[in-house]
Amino acid sequence: MLVIQCTKKLGDYLKKNLTDKPSETQDLFYSWHAHLFVIMRKKYIIVMNSKTRYLFVLGPVVAKDLKKLDEMIYLGIQENLEADKVNPIFIEQYVQHMDRIEYMKTSERSIIGQMNDAIYYIECVQEDDGIMDVQQLNRTLNDFPMIKLPLKFSGRMMIHEMENRFA
C-alpha cells in the first residue's frame, strides 16, 4: 500500500476526507507527501518520498484529472524511476507494493519545507512563455542538494534505498 500524505491545499482541491497521520509502523519508503501549487495560472502537484525525498511533478492538472489521480501517481513513480535509470527489477519490486493508495494528512513539516524549496526553484527556472518541460524538470529536481540527506541528493538516496532493499 502507498500512503499519500496531502497538504490541506491539495486535500481541499481533491475534495477528499483525509484520514489522520499514518501510524508509527508505516514504512516511510512507501509513503509520499503531495502538495498542489500554481505557476502561470496552471496547477501542478509535487510528490515527494518521505524517506528518500525523491520527488517529481505532475501536471498541469485540471479537475477531470482528479478521477485518475491514483493512476497518475503510479505512473509518475514508475516513469520517473525509469527515466532516472533505476534497475527495472527494483522498479518492478517497488511497484508490487503499490496495490492501493490511501490519502492521509501530512505528518512532517520538514518535508513540506523541502517541497516548498523545490517549488521556489521551479518558479525561478520557469520560462517566461509559460511552457514548462515537466520531464526535464523532474530530472533536475532530484539532483538538487538537500543538506539533511546522508547522500545529499534525493535521486541518489532513492537508488541507494532500492539497492539496499531489493538487491
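Bear in mind that the values in this text are calculations on the coordinates, not laboratory data. Computed from a prediction, not measured in an experiment: that's the story for all the values here. So basically every Cβ, Gly included, is an ideal-geometry build from the backbone, and we count neighbours across all protein chains shown.
Calculate the FRET efficiency for GLU92 and ASP70 from the Cβ-Cβ distance with a Förster distance of 22 Å, rounded to the nearest 0.05.
Numbers: r = 19 Å, r/R0 = 0.85.
My answer for the efficiency is 0.70.
Is the stretch 95-135 rounded, prolate or oblate when judged by the Cα gyration tensor, a ≥ b ≥ c being the square roots of its eigenvalues, rounded requiring a/c under 1.5 and prolate requiring a/b larger than b/c?
Taking the square roots of the gyration eigenvalues as a ≥ b ≥ c, the stretch 95-135 is oblate.
Could you name the aspartates and glutamates whose alpha carbon sits less than 14 Å from that of LYS42, not counting residues in the same chain fewer than 8 places away?
ASP65, GLU123, GLU127, ASP128, ASP129, ASP133
How would you order 137-148, 36-47 from highest to lowest mean count of nearby Cβ atoms within 10 Å? Don't skip to the answer; put the middle values down first.
Numbers: 137-148: 14.8, 36-47: 17.4.
Packing order, densest peptide first, comes out as 36-47, 137-148.
From the helices alone, meaning DSSP H stretches of at least four residues, give me the mean residue ellipticity at 222 nm for the chain, per-run term -39500 (n - 2.57), in deg cm²/dmol to the nearest 500.
Rounded to the nearest 500, the figure is -12500 deg cm²/dmol.
With +1 on the Cβ of every Lys and Arg and -1 on the Cβ of every Asp and Glu, and nothing else charged, how large is the dipole of the stretch 9-128 about its Cα centre, in debye rounded to the nearest 20?
480
Please give me the summed charge of the neighbours of SER23: other residues whose Cβ is under 15 Å from its Cβ, Lys and Arg +1, Asp and Glu -1.
Values: positive: LYS21, LYS105; negative: ASP20, GLU24, ASP27, GLU102, GLU108.
My count for the surroundings of SER23 gives -3.
Of the DSSP beta bridges with both residues in the chain, give the percent that are antiparallel, rounding to the nearest 5.
60
Full-extension gain between GLU163 and SER110, please, as 0.36 nm times their residue separation minus the C-alpha to C-alpha distance.
So the extension gain works out to 16.6 nm.
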